[in-house]
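Reviewing the structure listed below.
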Amino acid sequence: MRYNVGGNFGAHDKRVVDKLVDTLKHLKIKHVFGIPGGSIMTLYDALYGQDIDTMLFRHEQGAIHAAEGYARVSGRPAVVAVTSGPGATNIVTGLADAYMDSNPVVAITGQVATTIFGRDGFQEIDILGIVTPITKFVYQVKKPSEATAALKTAYEISIIGRPGPTLIDLPRDIQLEKAPDFEDRILVNKEKYIPPPPDEDKIREVVKYIVEGVRPVILVGGGVVWSGATGEVLELSKILTAPIVSTLPGKAAVPHDYPLYMGAAGMHGRAEADAALANADVIIAVGTRISDRTWGRFHELRQGIHSGKIKFIHIDIDKSEIGKNVKPTVSVVSDAREALRKIIDMINTIPRYDSRFIKWLHDIRTEYEMVMSKISDSVPGFHPWRALKTIRRATPRNAITVTGVGSHQMWTEIAWEVYTPGTYITSAGLGTMGFCIPASLGAKLAARDKPVLCIDGDGSFQMTMNNLTLVRDYDLPIVIVIFDNRSLQLVKQWQIYLYRRRIIATEFGRRPDFSKIGEAYDIDVAKPETYDELERVIARAFRNNEPLIVDLTIDPEIDIVLPWVKPGEWLTSAMLPEGMSTKLVYED
Amino acid sequence: MKINFTINKSLDSLGRVLAIIRRAKVDVKNLTITADTYVYQVTCNIDGEPDEVRWLVSKLDKLPEVLKIEEIDINH
Ligand SMILES: Cc1ncc(C[n+]2csc(CCOP(=O)(O)OP(=O)(O)O)c2C)c(N)n1
């Protein structure tokens, strides 16, 4: 028998929250992430004994990042339910993160009863007002008849077109009320998110530019992953013999052992990727929002487009991204995969290409790898670059890799190889420290059969390590490698080079002892001393499907991430590691 | 330039619209909101670079609450 808390109706009547749980089931939601509290207890009560697992986090920020990881891996929206006030404000960073990186997350926040709205009740917060600029859709339910419709709308909008976070705010009294047997309509326009078919005339123009060019470069962003356009990107690259460059989230779009993939470009991109972008005569940018992080600055690109030296083609599902930072020569608003298919089908000549350009890019790659190998050999302890190569060898090819934010993340941008599309997850747009542990837990939950690796910084780790308890609570064996440099190293790198080594507030002491943290959560901790040992412990953990924390000591003095395009500089002025003599300007 | 659009009749939606307009590099000369039974009709007269106005329109059009939108070049 159903136990109805509150409300003036029979034991078999359904409350609004019961109907909401029915809706969640209908939407095939298997997990709800969050922490209960007074204003959301009724929803949690309705989940009691139902076929939906509640995933109890130790901080709501953990719940929402986990939902992001889950959504990325499953390709479906994930649901977070938190209480009003502090529960709601604790998910704000995650909503912003999901907004910047286009992750489909549906948040349900409890709210005080409608009778005390706006009167600063206990744990009342205007969450709609707070999340307005960082959500794709928000709705405060004001009548019982709106609740299920609002949830369905929030779910649908989060995944249709360009994905993004949505939120519904549920007042406590409404949750408790008897569910009506009708549903109100939520007045929104969803049709606008259905991407239009690619415009044929524009596609013709794109093809014309592509075949006229000799140094075409394809720039792929996270949109390629969501669109499932990896096959089309590779096909186009083969037809054109065009190098592929990615943004940071776009790293997940292309298998890195494809020889024409040059890596991610930008602030801490690969030198050959920066060189490819900066010296292309045709750039086909797909599913990317043309971010300053990828380009350093836009001046040179804009000039090149203006003078006609560069033909810049921008393909994106979101028309507000077109021309936001750089006005393209031609744009196509549509799904990436569809547009690329049309382009490929319309190319009927064998385009020319500059083989010397490709060789030049490959030479830059070889030189960088040689120099880094030498540098890594010359330091006594672990070098992040070689550590990543070692960890990669020990990690199965299909593993999902998640990162924290900082130098360790930037090293993965440069040196971590992704083989299976969709298996690299990082907080790119917002750069949220603390993302790694919870997002890895969410990823593991979405794909229990896949190995999950979290490459974290000691600073980032400490921001959300409270959620480690879920590893044992829900049997989510993830492997975490902490690049333990006892510093907020990426900020320190800026202090060293941009603030004349005035180091302030970026150095940690020797606490905490991560082995004790591991012990507290019943997770083994390894502190390897050699690369062999590092490889061995990680391979063993993956082989045995056991959780592991690797505390990898890195000397902060050697942890300087290069290449580095300093803020506001152009790609060709990237600071390169010592011993690299190449200039990133192509002599035509 | 003039932007005309229709949103659902909700001050929450109106707040979201304003949150977008305030981030655009345009000068808002005039903003009128008229309530209907189910919707608000919003008219916004603005000065600004045509590209910036276009960006604003497409950004507003990203909101599901914006049911209809049109941009009118009042100089022509
Ligand atoms: C929540 C948050 N606070 C502050 C920053 C600014 N920030 C960027 S990188 C960084 C250092 C990160 O340190 P750690 O996680 O130890 O990684 P490391 O750079 O040492 O590899 C900081 C403080 C941020 N990105 N996110």
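The values are calculated or read from the model by the stated rules, or taken from the named source; none is laboratory data. Just so it is clear, the model here is predicted, and its values are computed rather than measured. All Cβ positions, even for glycine, are placed from backbone atoms using ideal geometry, and neighbour counts span all protein chains on display. When the accessible area is computed, the model is the full protein with side chains, heavy atoms only, and any ligands, DNA or RNA have been set aside. Shrake-Rupley method; radii C 1.70, N 1.55, O 1.52, S 1.80 Å.
Distance from the alpha carbon centroid of segment A:516-556 to that of segment A:193-213 works out to 49 angstrom.
Computed from point charges on the beta carbon alone (+1 for Lys and Arg, -1 for Asp and Glu), the dipole magnitude for chain A about its Cα centre is near 620 Debye.
Rounded to the nearest 20 Debye, what is the dipole magnitude of segment A:16-193 about its Cα centre when Lys and Arg each give +1 and Asp and Glu each give -1 at the C-beta?
In debye, rounded to 20, segment A:16-193 gives about 420.
Measuring nothing but alpha carbons in segment B:2-72 and taking Rh as the Kirkwood radius, the Rg to Rh ratio lands at 0.93.
Each peptide in A:399-410, B:54-65 gets a packing score, the mean of other Cβ atoms within 10 Å over its residues, and the list from highest to lowest is A:399-410, B:54-65. Surface analysis of segment A:433-540 yields an accessible area of 46 Å² per residue, using protein heavy atoms and a 1.4 Å probe. Each peptide in A:497-505, A:519-527 was scored by the mean count of other Cβ atoms within 10 Å over its residues; highest first, the order is A:519-527, A:497-505. Taking only alpha carbon atoms, segment A:380-557 gives an Rg to Rh ratio of 0.94, where Rh is the Kirkwood radius. Averaging the Cα positions of each part gives two centres, and for segment A:54-81 and segment A:418-471 these lie 11 Å apart. When the Cα positions of A:Val217, A:Ile194, A:Val206 are compared along the charge dipole of segment A:185-227, A:Ile194 comes out farthest toward the positive end, with charges on each C-beta of Lys, Arg, Asp and Glu. Per-residue shielding of A:288-299, expressed as the average number of other chain Cβ atoms within 10 Å of the residue Cβ, stands at 0. Taking the accessible area of the protein assembly as shown, probe 1.4 Å, and keeping the other protein chains in place, the carbon and sulfur fraction comes to 50%. The mean count of C-beta atoms from other chains within 10 Å of the C-beta of residues in A:128-137, rounded to a whole number, is 3. Under a model in which nothing but the beta-carbon of Lys, Arg (+1) and Asp, Glu (-1) is charged, segment A:235-384 shows a dipole of about 380 debye around its Cα centre. Rolling a 1.4 angstrom probe over the protein heavy atoms with all chains in place gives segment A:1-113 an accessible area of 35 Å² per residue. Model label points for A:Thr114 and A:Ser581, set 7 angstrom from Cα along the Cα-to-Cβ axis, are 7.6 nm apart. Rounded to the nearest 10 degrees, what's the angle between the helix A:384-394 long axis and the longest principal axis of chain A, both from Cα atoms, 0 to 90? That helix lies at roughly 70 degrees to the long axis. At the residue level, A:Phe117 shows approximately 50 square angstrom of accessible surface with a 1.4 angstrom probe and all protein chains present.
For the pair A:Arg297 and A:Glu519, what calculated FRET efficiency results from E = 1/(1 + (r/R0)^6), where r is the Cβ-Cβ distance and R0 = 60 Å, to the nearest 0.05?
After rounding to 0.05, the efficiency reads 0.80.
The DSSP beta bridges internal to chain A are antiparallel in roughly 5% of cases.
So for chain A, taking the charge dipole from beta-carbon charges (+1 Lys/Arg, -1 Asp/Glu), which of A:Leu445, A:Gly509, A:Tyr424 sits furthest toward the positive end? Most positive-ward Cα: A:Tyr424. Largest first and in whole Å, the equivalent-ellipsoid semi-axes of segment A:200-358 read 19, 17, 17, each the square root of five times a Cα gyration tensor eigenvalue.
Of interest is the spacing of the C-alpha centroids, which for segment A:238-276 and segment B:21-76 amounts to 38 Å.
One equal scatterer on each Cα of the protein assembly as shown, no solvent, Debye formula: the resulting log10 I(q)/I(0) at q = 0.06, 0.07 Å⁻¹ is -0.35, -0.48. Per residue of A:388-401, other chain Cβ atoms within 10 Å of the residue Cβ number 0 on average. With protein chains left intact and a 1.4 Å probe, residues in segment B:2-72 average 51 Å² of accessible area per residue. For segment A:16-193, build the charge dipole from Cβ charges (+1 Lys, Arg; -1 Asp, Glu) around the Cα centre, then report which of A:Tyr48, A:Tyr155, A:Gly110 sits farthest towards its positive end. Comparing the listed Cα positions along the dipole, A:Tyr155 ranks first.
At a 10 angstrom cut-off on C-beta neighbours, averaged per residue, how do the peptides A:424-432, A:200-208 rank from highest to lowest?
Descending mean neighbour count gives A:424-432, A:200-208.
Taking both sides together, the accessible area buried where A meets B is about 1700 Å² for a 1.4 Å probe.
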